[in-house]
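Below: the structure, in structure tokens.
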Amino acid sequence: MSSNNLEQLYRQVIMDHYKNPRNKGTIDNDGKMTINMNNPTCGDRIQLHLQVEDGKISDAKFTGEGCSISLSSASMMTDAVKGQDVDEAMHMSHVFSDMMQGKDFDDDKIEESDIAALEGVSKFPARIKCATLAWKAMEKGLSEDKE
Ligand code: ZN
């Protein structure tokens, strides 16, 4: 596939998550946590709702408003970490962070998921905070949960 076609495909994946967000909503269970995270430079505001049971993320949802990059990233992230061990979710977040810094990364779960569509964001430094917002919220929630 030419790089042009690939970019177009990636744009479609991002717009699909933006228009049809996965896991949009709140969690009603006891013991769920809500993490608020803002990106003032763009105006993105995300509330991430996580349910962690026995070291696993049993549910992940989000609410909020923002640009297509921030919301599609939240949609992809919640989809990817649901059902994962906390350690694995943290690892994925670090891989995502490397990807946003334009570093080489090697992770099948990321490469084979829709998340790979966000790789091009690394070329636009102003948008990287949009893409990492939901991931940072997850990292904050999971590290606070450990204390
Ligand atoms: Zn944004």
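Tabulated data for the structure shown
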item	result
Any helices (runs of 4 or more DSSP H) falling wholly within the stretch 40-147 and containing at least 1 residues that are in contact with a helix residue (DSSP H, G or I) (Cβ under 9 Å, 6 or more places away or on another chain), within 14 Å of the ligand (Cβ to nearest atom) and of a type in the set (Phe, Trp, Tyr)	125-146
Checking Ile14 against (1) within 26 Å of Glu88 (Cβ to Cβ); (2) touching a strand residue (DSSP E or B) at 6+ places or on another chain (Cβ under 7 Å), the condition it does not meet	(2)
Search result, residues across the stretch 71-89 that are under 9 Å from the mean Cα position of the chain (by Cα) and over 14 Å from Ile35 (Cβ atoms)	Leu71, Ser72, Ser73, Ser75, Met76, Asp79, Ala80
Tally of residues being among the β-branched types (Val, Ile, Thr) and under 21 Å from Gln8 (Cβ atoms) across the stretch 94-147	3
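So that you can scan it fast, the table gives a plain yes or no per residue for (1) touching an Asp or Glu at 6+ places or on another chain (Cβ under 6 Å); (2) crowded, with 18+ Cβ neighbours inside 10 Å; (3) within 21 Å of Glu144 (Cα to Cα):
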{"position": "Lys24", "(1), (2), (3)": "no, no, no"}
{"position": "Leu48", "(1), (2), (3)": "no, yes, yes"}
{"position": "Ile57", "(1), (2), (3)": "no, yes, yes"}
{"position": "Met100", "(1), (2), (3)": "no, yes, no"}
{"position": "Glu112", "(1), (2), (3)": "no, no, no"}
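None of the figures in this text is laboratory data; all of them are computed from the coordinates on show. Source: prediction; values computed, not measured. With ideal geometry, Cβ positions are generated from the backbone for all residues, glycine too; neighbour counts draw on all protein chains shown.
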